[in-house]
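Only one structure is covered here, and it is reproduced in the block below.
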Amino acid sequence: MLSVRFWGDRGSIPCPGPATVKFGGNTSCLEIRADERLIIVDLGTGVRPLGESLMATDLKKNGVIDADIFITHTHWDHIMGFPVFTPIFIPGTKIRIYGPVSFEDDTLESIISAQLSYRYWPVRASELAAHIEYNQIRETSLDLGGGLTVSTKYLNHPILCLGYRFEYQGTSIVTAYDHEPFRNLFPTDPADPSYNEEAACEGELAAAEENEKILRFIHDANILIHDTQYTEAEYARHLGWGHSSYEWAISTAAQANVKKLVFFHHDPARTDDQLEELEKGYCTANRNMEIMMAREGLVVET
Ligand SMILES: [Zn+2]
Ligand SMILES: [Zn+2]
């Protein structure tokens, strides 16, 4: 069985404090389990408490921590927890890190391990006890063995960002953050001096095609974890920032026949009270689909 536990659900920057205790203040980190097998998605600050939990569970039980870690993209909120992930200091730990890079001369290893240099941190990457393997990936499908597969899809974000689709024993968990709808980048108003009818039509078609590809990627997912940093009204003021609205996530998930939709990548400025209000409004918006707000500690099974 596939399951996901949320250790960090915030976008952009950690936001601890009395106003965020219910939903949590840590940035992106998911613990996915395919039965016993461990998959981690993103190394946001939520990976610190996950690391402590693994020390008490996997290390005790198996004598070793073994994980496949998938990074959606290298924005800081998605990698900043790595230096405090305790298993990297434990001999015997085996981790394989997968993720995309936007510029080939910046390797995945150099971006992530640069955080462990004396400029930023008292321990250097070369001093880590764990065995760490880096794999730069793009749009692809990988067989992870034991019946577990993952496929990836380019999302719409200011840098190269991947959605992940994990499949195991006929069930699936899909991530689609940090992401916003693809849209026409050419002017569509004939009154605009730079309006060009042909370009406007092509732009519409290209955007529709890319959004269609996302629909196919998430189709029939048991669990979809989707970006919902904004409401639709807020999104109108943040076009091009690379994040979606609740409305978009619901309509996309419904069209794709998703079973369970989880709202994710909450705006760091959003308080518990505000998220509860949004939860009341949006989590009942579709009868055929279970909809929930990610919060630290939430576990969802396929
Ligand atoms: Zn982010
Ligand atoms: Zn980002």
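Do we have any residue at all in the range 277-285 that's at pLDDT below 95, β-branched (Val, Ile, Thr) and at negative phi? Within the range 277-285, one or more residues are at pLDDT below 95, β-branched (Val, Ile, Thr) and at negative phi. Number of residues in the range 279-302 that are assigned to a loop (DSSP other than H, G, I, E, B) and under 18 Å from the mean Cα position of the chain (by Cα) equals 6.
Assess whether Thr140 counts as being of a type in the set (Val, Ile, Thr) and either surrounded by 18 or more Cβ atoms within 10 Å (Cβ to Cβ) or in contact with a Lys or Arg (Cβ under 9 Å, 6 or more places away or on another chain) (or both).
Against the criterion (of a type in the set (Val, Ile, Thr) and either surrounded by 18 or more Cβ atoms within 10 Å (Cβ to Cβ) or in contact with a Lys or Arg (Cβ under 9 Å, 6 or more places away or on another chain) (or both)), Thr140 does not qualify.
Among the residues of the range 241-277, write down those that are more than 16 Å from ligand 1 (Cβ to nearest atom) and touching a Ser or Thr at 6+ places or on another chain (Cβ under 7 Å). Tyr246, Thr271, Asp272, listed by residue number. Within the range 30-42, residues that are under 15 Å from Lys61 (Cα atoms) have Cβ atoms under 9 Å from residues that are part of a loop (DSSP other than H, G, I, E, B) in these pairs: Asp35/Met1; Asp35/Gly146; Asp35/Gln169; Arg37/Gly146; Leu38/Ile65, counting only partners at least 6 apart in sequence or on another chain.
Here's the yes/no breakdown for (1) of a type outside the set (A, V, I, L, M, F, W, C); (2) modelled with pLDDT of 95 or more; (3) touching a Pro at 6+ places or on another chain (Cβ under 8 Å):
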residue	(1), (2), (3)
Thr93	yes, yes, yes
Pro100	yes, yes, no
Gln169	yes, yes, no
Pro193	yes, no, no
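Ile79 meets all of the listed conditions (1) touching a residue at least 40 places away in the same chain (Cβ under 8 Å); (2) under 30 Å from Val300 (Cα atoms) but one, namely (1). Selection within the range 43-64: residues that are touching a residue at least 40 places away in the same chain (Cβ under 8 Å) and hydrophobic (A, V, I, L, M, F, W, C). The member of this set that is farthest from ligand 1 (Cβ to nearest atom) is Leu50. Could you tell me how many of the residues in the range 1-23 are in contact with a helix residue (DSSP H, G or I) (Cβ under 8 Å, 6 or more places away or on another chain), assigned to a loop (DSSP other than H, G, I, E, B) and either under 20 Å from Ile95 (Cα atoms) or at pLDDT below 95 (or both)? Of the residues in the range 1-23, 0 are in contact with a helix residue (DSSP H, G or I) (Cβ under 8 Å, 6 or more places away or on another chain), assigned to a loop (DSSP other than H, G, I, E, B) and either under 20 Å from Ile95 (Cα atoms) or at pLDDT below 95 (or both). How many residues does the range 157-181 hold that are touching a residue at least 12 places away in the same chain (Cβ under 8 Å) and either more than 16 Å from ligand 2 (Cβ to nearest atom) or more than 26 Å from Ile79 (Cβ to Cβ) (or both)? Counting residues in the range 157-181 that are touching a residue at least 12 places away in the same chain (Cβ under 8 Å) and either more than 16 Å from ligand 2 (Cβ to nearest atom) or more than 26 Å from Ile79 (Cβ to Cβ) (or both) gives 9. Among the residues of the range 73-98, which ones are assigned to a helix (DSSP H, G or I) and more than 16 Å from ligand 1 (Cβ to nearest atom)? Once the filter is applied, which keeps residues that are assigned to a helix (DSSP H, G or I) and more than 16 Å from ligand 1 (Cβ to nearest atom), the range 73-98 yields Pro83, Val84, Thr86, Pro87, Ile88, Phe89.
Condition check ((1) under 20 Å from Leu30 (Cα atoms); (2) without any contact (Cβ under 8 Å) to a residue 24 or more places away in the chain) across all residues:
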{"position": "Leu224", "(1), (2)": "yes, no"}
{"position": "Ala233", "(1), (2)": "no, yes"}
{"position": "Gly240", "(1), (2)": "no, no"}
{"position": "Ser245", "(1), (2)": "no, yes"}
{"position": "Ala253", "(1), (2)": "yes, no"}
{"position": "Lys259", "(1), (2)": "yes, no"}
{"position": "Glu277", "(1), (2)": "no, yes"}
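The values are calculated or read from the model by the stated rules, or taken from the named source; none is laboratory data. Note that this is a predicted model, so its numbers are computed, not measured. No Cβ is skipped: glycine too gets one built from the backbone with ideal geometry, and neighbour counts run over all protein chains shown.
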